[in-house]
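S.K.: Please see the structure below; I have some questions.
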Amino acid sequence: MKETYQIVSLKDGTQDFAAIIQTIREIHSGKLKNDLRLINYYHEVPVSYPVVIEHVDAEMVDLKVHQAQSVVLAAQKQALLKSAAFPQGLGVHALTERVNVPKCAVTLGRFAYASIRADRRESVRVTVDGQVEATYQTDQQTVTGWLQDISLTGCALLSASSLPTGIADQGTARLTLDATCLSVPARLVNSRPKDDGYLHTFQIEVDKQADKVISQYIYNRQVQIIQTLKEQFG
């Protein structure tokens, strides 16, 4: 979740929190239009539904939510809120205080304004199922790892090692999806430590074949992820 948002302070934590609670209270009372939605990213797939505000007090908000959302909230313990009533096009980040999956009831608190980075994504991204080996190759050097996520415009590779010193930021990404070998131009965007290795992120340029293969993989993966959610709430 942390990769999908960035906390933003408009005044200070206390004043921002009070302003958020007041906005939600005015939505609940009908003074503002009720367009409030929750959004979570489950294996990078957005899970977003409207909510019903049940109660607002000085610190927490009780909501009735969609079953799929309640399952994700129980697992992730946090959510993003979206409404046109929030200032400057910002969303709100909240932590889950209580959740009852069978009753689709959740209590959120500890609110803060947030810039939702995932809103700026050019295309749908999904996490990769299983171990898919991938490489980034330049004229002089090669980095090997496991594909973590992929979209039509980018991919991320988890490697045991950091990038070699001086590696070029323009190269080729090679990977195999659904038994099809792909080789596409890639540009290094970012590299950072993650878990017991390093996550290297690339922007890619796809041709017609790669577009078809990746699009089909993304579609199948989305269906699989949503089906997994459905199984969890029966």
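S.K.: Here are some conditions: (1) closer than 14 Å to Thr135 by Cβ; (2) modelled with pLDDT of 95 or more; (3) part of a loop (DSSP other than H, G, I, E, B). Val184 meets all but one. Which one does it not meet?
M.R.: That leaves (3) as the condition not met.
S.K.: Can I ask one more? Among the numbered criteria (1) open to solvent by 40 Å² or more (accessible area, probe 1.4 Å); (2) in contact (Cβ under 8 Å) with a residue 12 or more places away in the chain, which one does Ser29 miss?
M.R.: Going through (1) open to solvent by 40 Å² or more (accessible area, probe 1.4 Å); (2) in contact (Cβ under 8 Å) with a residue 12 or more places away in the chain one by one, Ser29 breaks only (2).
S.K.: Quick one: count up the residues across segment 72-102 that are modelled with pLDDT of 95 or more, open to solvent by 30 Å² or more (accessible area, probe 1.4 Å), in a loop (DSSP other than H, G, I, E, B) and not small (Gly, Ala, Ser).
M.R.: Number of matching residues: 1.
S.K.: Another question, if that's okay. Which members of segment 221-230 meet the condition of being open to solvent by 40 Å² or more (accessible area, probe 1.4 Å) and either without any contact (Cβ under 8 Å) to a residue 24 or more places away in the chain or among the basic types (Lys, Arg) (or both)? Don't jump to the end; show me each part of the working.
M.R.: Kept after step one, since they are open to solvent by 40 Å² or more (accessible area, probe 1.4 Å), are these residues of segment 221-230: 222-224, 226-228, 230.
Result: Val223, Gln227, Thr228, Lys230.
S.K.: Of all residues in segment 103-113, count the ones that are at positive phi and assigned to a strand (DSSP E or B).
M.R.: We begin by selecting, within segment 103-113, every residue at positive phi; these are 104, 110.
Cutting the leftovers down to assigned to a strand (DSSP E or B) gives us 110.
Number satisfying all stated conditions: 1.
S.K.: Please pick out the residue among Ser70, Ser48 that is polar (S, T, N, Q) and within 20 Å of Ile7 (Cβ to Cβ). Quick ask: steps written out before the conclusion?
M.R.: Details: Ser70 fails: within 20 Å of Ile7 (Cβ to Cβ).
Sole residue among the options that is polar (S, T, N, Q) and within 20 Å of Ile7 (Cβ to Cβ): Ser48.
S.K.: Before we move on, is His55 exposed (fewer than 14 other Cβ atoms within 10 Å of the Cβ) and at pLDDT 95 or above? Give the derivation first.
M.R.: Working: exposed (fewer than 14 other Cβ atoms within 10 Å of the Cβ): yes; at pLDDT 95 or above: yes.
The answer is yes for His55.
S.K.: What is the residue count in segment 193-211 for residues that are in contact with a strand residue (DSSP E or B) (Cβ under 9 Å, 6 or more places away or on another chain) and either assigned to a helix (DSSP H, G or I) or open to solvent by less than 80 Å² (accessible area, probe 1.4 Å) (or both)?
M.R.: Looking only at that region, the number is 12.
The values are calculated or read from the model by the stated rules, or taken from the named source; none is laboratory data. All values derive from a computational prediction rather than experimental measurement. Positions of Cβ are backbone-derived with ideal geometry, glycine not excepted, and every protein chain shown enters the neighbour counts. Only protein heavy atoms, including side chains, enter the accessible area calculation; ligands, DNA and RNA are left aside. Shrake-Rupley method; radii C 1.70, N 1.55, O 1.52, S 1.80 Å.
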